[in-house]
There are 2 protein chains.
Amino acid sequence: MQVVTDIPSLKNIIEEKKQKGLRIGFVPTMGFLHEGHLSLMRTAKAENDFMVVSIFVNPLQFGAGEDYEEYPRDLERDTKMAGSTGCDLIFSPSVKEMYPPGYATFVQVERLTEGLCGASRPGHFLGVTTVVGKLFNLVCPDRAYFGQKDAQQAFVLQKMVQDLNMNLEVIVLPTVREPDGLAMSSRNKYLSPEQRQEAVVIYKSLIEAEEQIRKGEREAGIIKENIAELISKARHARLDYVEIVDSKELYSVPIIKGRCLIAVAVKFGKTRLIDNVLVEV
Amino acid sequence: MQVVTDIPSLKNIIEEKKQKGLRIGFVPTMGFLHEGHLSLMRTAKAENDFMVVSIFVNPLQFGAGEDYEEYPRDLERDTKMAGSTGCDLIFSPSVKEMYPPGYATFVQVERLTEGLCGASRPGHFLGVTTVVGKLFNLVCPDRAYFGQKDAQQAFVLQKMVQDLNMNLEVIVLPTVREPDGLAMSSRNKYLSPEQRQEAVVIYKSLIEAEEQIRKGEREAGIIKENIAELISKARHARLDYVEIVDSKELYSVPIIKGRCLIAVAVKFGKTRLIDNVLVEV
């Protein structure tokens, strides 16, 4: 496994692999890897000839007052973990390598980025689409892999690839969870033991929503109220949003019909956690 | 020479050429070709193995009240002209093929797009970078060719390619002119015989500016005033802007130093013409 930090070295390697006709699988990450990332990598490795992981904490997708500075970083640990999945190449650039002085170009997906996390974190998705657009051009993957946990991100990136006619497939794999059901996230590290114990309420509330729907409930308002109520019982939890949206345009729906996404964001102290389930009726 | 109008056919052809290792040269146009376009095509043909021309009047780069509807279109004539330069493939999509219902993604270059034509035509460059970004992803060129006449466009596209790490070279070729010096443009067709005769004043004023600089003048204000005065003498001409900017960030400069762009936009009735010269002192 190679680790490169500069763009010319990366481009050389990618061009060589492309010329050999190798299929490239790509997992973009912000590092501090967990089992969710590793499951993406294993699939990327199995489905392609050459597997690339990027590790870059992208300042552009953090808002003022968010956790860019504190975001956990450990390249040595990440390198070992990625290596264990058969990763062929790690690209771990500096901020200056990605955004040199005078940087001026941005990729924006409209509409889909307005609700959910886009409403809570203005500018977040502009940062995501810009950096992922750059990484796609740098790595030239045939397939790129993302986790269902960041459902809106996956929808937005699929839209970007489709609209800009990019030559790759965006593949979304199921959320990997801790034994008690909490979705894996690098931010779980921030939780105090008490918060960590309480955080399972997020997934539990989503499971209960699925159960309500299975029993025939179709009123989005009633299901959202129930989720909010369950979460409010956790002493340290503060609901950021609970939304039920259609799975194409991510518009809020009053009645559950077809394929819908139930998405929740909850704050435990300064730590913001998200989770979601896809339902189909 | 093939002519394709749909994206899947285009992608098939491009993939086949790429797999053979052919170098692709690309000339994006809005059609109604003239000698300026043809000179780009001849160079693209000479420098590459496979030469692609796109013909697409891009609604996204026209503002309200601009000439999108009237913009001259003649695919049959264009096809013949492109064919005469050795063009291998014409891509001539419909608006719906490029912007299907629900289209939501845009590429924006900041700063460089604020002055000059960007100030006169808000949103114009957002349309240019978005469509050219899409076309680059569709055609996968090794080199793309643009004319110096649209100097700001060329700078903006070079910036986009650099910032987004796109895998191609943007090549800018000299403006091709009518015998009297008027820069070739599809919009020259709009001019009445009288306007056409007067329009040469644009290039003459730029030549005189070069002459002033050769003689030692360095005050941008004085040079701009002289250009404005010359243009005001043409009865049907209305100056849109005259600017002298540095050739990197396109910031207005008070003193001519290093490489500068002298750029002019002039309206003859509803027809807006642009021209420019690069000077170096």
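The values are calculated or read from the model by the stated rules, or taken from the named source; none is laboratory data. Here the structure is a predicted model, which is why all the values come from computation and not from measurement. Glycine also receives a Cβ, built like all others from the backbone with ideal geometry; neighbour counts cover every protein chain displayed. For accessibility, only protein heavy atoms count, side chains too; no ligands or nucleic acids. Shrake-Rupley method; radii C 1.70, N 1.55, O 1.52, S 1.80 Å.
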* Report, ordered by chain and residue number, the aspartates and glutamates lying within cross-link reach of B:LYS159, taken as a straight Cα distance under 17 Å and ignoring same-chain residues fewer than 8 apart. => A:GLU97, B:GLU110, B:GLU114, B:ASP142, B:ASP150, B:GLU169, B:ASP246, B:GLU249
* Structure fact -> Rounded to the nearest 10 degrees, the helix A:151-163 long axis (Cα) sits at an angle to the longest Cα principal axis of chain A of 50
* Rough spin-label spacing in nm, given labels placed 7 Å along Cα→Cβ, for A:ILE207 and B:ASP74 -> 7.2
* Asked: Sorted by packing (mean other beta-carbon atoms within 10 Å per residue), highest first, where do A:268-278, B:64-74, B:230-240 land?
  -> A:268-278, B:230-240, B:64-74
* Structure fact -> Asserting the computed 222 nm helical MRE of chain B (DSSP H runs at least 4 long, -39500 (n - 2.57) per run, divided by residue count, to nearest 500) equals -11500 deg cm²/dmol
* Asked: Considering only DSSP beta bridges whose two residues both sit in chain B, what percent are antiparallel, to the nearest 5?
  -> 55
* Asked: Mind checking which lysines have their C-alpha under 23 Å from A:LYS215, skipping anything on the same chain fewer than 8 residues away?
  -> A:LYS204, A:LYS224, A:LYS257
* Compute from the Cα atoms of region B:104-208 the Rg and the Dmax, the latter being the longest Cα-Cα distance, and quote both in angstrom. => 15.8, 46
* To do: For region B:41-114 and region B:211-281, write down the distance between their C-alpha centroids in whole Å.
  => 28
* Asked: Roughly how tilted is helix A:35-47, in degrees to the nearest 10 and between 0 and 90, from the longest Cα axis of chain A?
  -> 50
* **Shielding score for B:207-220, defined as the mean number of other chain Cβ atoms within 10 Å** => 0
* Cβ-vector label at 7 Å, B:GLY269, separations to other copies in nm -> 7.2
* Which value, to two decimals, describes the C-alpha radius of gyration of region A:1-146 once divided by 2.2 N^0.38 Å? -> 1.05
* Would you list which lysines come within 18 Å of B:LYS80, measuring only between C-alpha atoms, while excluding same-chain residues fewer than 8 positions from it? => B:LYS45
* Mind pulling the angle between the C-alpha long axis of helix A:220-232 and the longest principal axis of chain A? Nearest 10 degrees, somewhere in 0 to 90. => 80
* Asked: Out of every Cα-Cα pair in region A:186-275, what percent are more than 24 Å apart?
  -> 21
* Asked: How far is A:ASP67 from the same spot in each other copy, in nm, shortest first, if each label point sits 7 Å from Cα toward Cβ?
  -> 5.6
* **More than 33 angstrom apart: percent of Cα pairs within the protein assembly as shown** => 51
* At a probe radius of 1.4 Å, what is the per-residue accessible area of A:TYR190, in Å² to the nearest 10? -> 70
* Under a point spin-label approximation (7 Å from Cα along Cα-to-Cβ), what is the A:GLU97-A:ASP49 distance to one decimal in nm? -> 2.5
* To do: For chain B, with a Gaussian network of springs between Cα atoms less than 10 Å apart, report the residue from B:TYR241, B:TYR203, B:TYR99 with the top mean-square fluctuation.
  => B:TYR99
* Asked: By how many nm would the segment from A:ARG214 to A:MET1 lengthen if fully extended, with 0.36 nm per residue of separation less the alpha-carbon distance?
  -> 72.0 nm
* Give, ordered by residue number, each residue of region A:105-121 whose 1.4 Å probe accessible area is reduced by a minimum of 50 Å² on adding the remaining protein chains to the chain alone. => A:THR105, A:PHE106
* Run through the DSSP bridge list for the protein assembly as shown and note the antiparallel percent, rounded to the nearest 5. => 55
* Asked: Ranked from highest to lowest mean number of other Cβ atoms within 10 Å per residue, what is the order of the peptides B:215-226, A:121-132?
  -> A:121-132, B:215-226
* For region A:1-65: relative contact order, % (alpha-carbon pairs under 8 angstrom, 6 or more apart) -> 35
* Asked: Amide H of B:ALA234: which non-local residues (sequence gap of 5 or more, or other chain) have their own amide H closer than 5 Å, using H built in the peptide plane?
  -> none
* Asked: Using alpha carbons only, what's the Rg to Rh ratio of chain B with Rh from Kirkwood?
  -> 0.97
* Asked: When chain B is modelled as a GNM with alpha-carbon springs shorter than 10 Å, which of B:ASN48, B:ASN165, B:ASN137 fluctuates the most?
  -> B:ASN165
* In nm to one decimal, list the spacings between the B:LYS248 label point and its equivalents in the other copies, with label points set 7 Å along Cα to Cβ, shortest first. => 4.9
* Percent carbon-and-sulfur accessible area, the protein assembly as shown, ignoring ligands, DNA and RNA, probe 1.4 Å -> 50
* Quick one: grab Rg to one decimal and Dmax as a whole number for region B:121-175, Cα atoms only, in Å. => 10.7, 30
